[in-house]
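The values are calculated or read from the model by the stated rules, or taken from the named source; none is laboratory data. Note that the structure is predicted; figures quoted are calculated from it, not measured. With ideal geometry, Cβ positions are generated from the backbone for all residues, glycine too; neighbour counts draw on all protein chains shown.
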Amino acid sequence: MGGLRYLTGQPGEPSVRVGVSIGDSLSALYAVIGRPDLAEDPELAHNDGRTRHAQRIDAAIEAWSRQYGRDDILAALDEARVPAGYPYTAADTRAKLRDAGII
């Protein structure tokens, strides 16, 4: 289960992306979503097992992330030191440029 995972958040909001596949960040992600059992599952101990069970992992992540908005998801992941972010929309980019005094 390497690479990016998409946390959906509330309908109408851009997705959050989280990129974890090993170690403490993965265990922290499982803890944040309320599924520490996934970290203890021997079938998920290695990347090949996580790849085989990606649908199960993604379903657990999605079930958690659908309960929260983007900012709440990012705050929870940041507090747990799980690397995450979101793709900027055109509105996000305009706001950043405006805040920086570029436009």
Inset, instruction - Would you be able to tell me the number of residues in region 83-94 that are under 12 Å from Val16 (Cα atoms) and either modelled with pLDDT of 85 or more or not in a loop (DSSP other than H, G, I, E, B) (or both)? - result: 3
Inset, instruction - Under 8 Å between Cβ atoms, at least 6 apart or on separate chains: pull out the pairs that start in region 65-78 with a residue that is assigned to a helix (DSSP H, G or I) and end on any residue that is surrounded by 13 or more Cβ atoms within 10 Å (Cβ to Cβ) and among the charged types (D, E, K, R). - result: Arg70/Glu13
Inset, instruction - Report yes if Glu43 is of a type outside the set (Gly, Ala, Ser) and modelled with pLDDT of 90 or more, otherwise no. - result: yes
Inset, instruction - Kindly indicate which of Tyr68, Tyr30 is of a type in the set (Phe, Trp, Tyr), more than 25 Å from Ala91 (Cα to Cα) and at pLDDT 75 or above. - result: Tyr30
